[in-house]
1. Between Phe184 and His18, what is the label-to-label distance in nm when each label sits 7 Å out along the Cα-to-Cβ direction?
2. Search the structure for amide H atoms under 5 Å from the amide H of Tyr64, placed 1.01 Å from N in the peptide plane, and list their residues when 5 or more places away or on another chain.
3. Test of understanding: what is the full-extension gain from Ser85 to Lys124, defined as 0.36 nm times their sequence separation minus their Cα-Cα distance?
4. Is region 171-214 best put as rounded, prolate or oblate by its Cα gyration tensor, with a ≥ b ≥ c the root eigenvalues, rounded for a/c under 1.5, and otherwise prolate when a/b is larger than b/c, oblate when not?
5. Once a ≥ b ≥ c are taken as the square roots of the eigenvalues of the Cα gyration tensor of region 169-312, is the result rounded (a/c under 1.5), prolate (a/b larger than b/c) or oblate (a/b not larger than b/c)?
6. Of Lys5/Lys213; Lys124/Lys185; Lys124/Lys204; Lys213/Lys301, which ones are farther than 29 Å apart at the Cα?
7. Select from Leu249, Asn224, Leu259 the residue farthest towards the positive end of the dipole of region 207-260; place +1 on Cβ of Lys and Arg, -1 on Cβ of Asp and Glu, and compute about the Cα centre.
8. If I model region 141-238 as equal point scatterers sitting on the Cα atoms and use the Debye formula, what is log10 I(q)/I(0) at q = 0.20, 0.22 Å⁻¹?
Amino acid sequence: MEVRKTPNAGLGMFATAHIPRGTRLICESPLVVLSELADLPDLYRLVEALPAERAAAFWELAAYRRKAEEVDWIPAIRASYDGPSEDFEALCDRVLDAWLIYETNRFTVRSSNGARNKMGLFPKAARLNHSCRPNVFHRHNHYINRLTIHALTDIDPGTEICTSYIDIVHPTQERRRLLRHWGFKCTCDLCRSRNSANEHRRGKLETLVSRAKRDAAERSQKTNVPQWDHANALGKLEEILELMTEEELDEADTRAEILALAADCALAIGWAGMARDWALQALEIEERCLGSDGQEWEAAKARLDKVERALEAETGSG
Ligand SMILES: [Zn+2]
């Protein structure tokens, strides 16, 4: 891979050789990590404490400049400032510059055992531009404290490598709203073509996926879930999977989540054969999106093992 200029999105990352689907392209530790509640002075202190080479990597990153900035952090900087007063404004500019770099390039840093997620900066991954039809998938793996980037498709030399900054299961208008945080209007194939069939399917997907996740959370709270409830849920999940196929979302991690829910429902009804197909597909997607050293892979493998045990018991007794 190499970093070079793109026609309209500043710098971007490009493939220099053929990259097979599932390849782990980046595995990097964070430069800085901050809690979601952290403020500008917190970040600046961390950046100032970086070793020279790491600090240089930080300051090289691009930043999106917004029109109006809040100034409520300035008193905190002033309180600990003892330099000449004529330099104070320059310091404030630098604190703000650091913050804008962070806001533009940060990724979620996931925490283990239910603790609040944080945000971190990963200088290589920060070079990836956004596409609503991404060819790589990014996620922070908290087992190894690294951000990993995996190829979702085969990537030809010369192709720009793009990840999606947002959940892509949304119609164009909602994707645009979410992308406003980064201050650009997406011009990927999907956004440019914006045909009504895509819009309709993504609108439906948006509703069905959030409802399916909510219902699954509710089901997991209950001790006795009736069969028809699982069967009903399974019908909805199959509809989602079909829509995702039509939208070419075959490699999305969200698809793996839906497949896992479908496997659980099928198993609860006693359709172990069907459950096995879905559990296996979920594991394959997790492996391609995230590799096999993270929590998602472990959970998907445990699910597949459970389904296979059920299948064995079934054939054993039948
Ligand atoms: Zn787009």
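All of the numbers you see were taken from the coordinates with simple rules; none came from a lab. If you're wondering where the values come from, they're calculated on a predicted model, not measured in any experiment. Neighbour counts are summed over all protein chains in view; Cβ atoms, including those assigned to glycine, are modelled from backbone coordinates with ideal geometry.
1. 2.9
2. Amide H to amide H, under 5 Å and 5 or more residues apart or across chains, Tyr64 pairs with Thr104.
3. Numbers: separation 39, 0.36 × 39 = 14.04 nm, distance 3.69 nm.
The span from Ser85 to Lys124 would gain 10.4 nm if fully extended.
4. oblate
5. Details: a/c = 2.25, a/b = 1.70, b/c = 1.32.
Prolate shape, in that a/c is at least 1.5 and a/b is the bigger ratio.
6. Numbers: Lys5/Lys213 40 Å; Lys124/Lys185 23 Å; Lys124/Lys204 35 Å; Lys213/Lys301 20 Å.
In this structure, Lys5/Lys213; Lys124/Lys204 lie more than 29 Å apart at Cα.
7. Final value for the positive-end residue is Asn224.
8. Normalising to I(0) and taking log10 leaves -1.11, -1.16.
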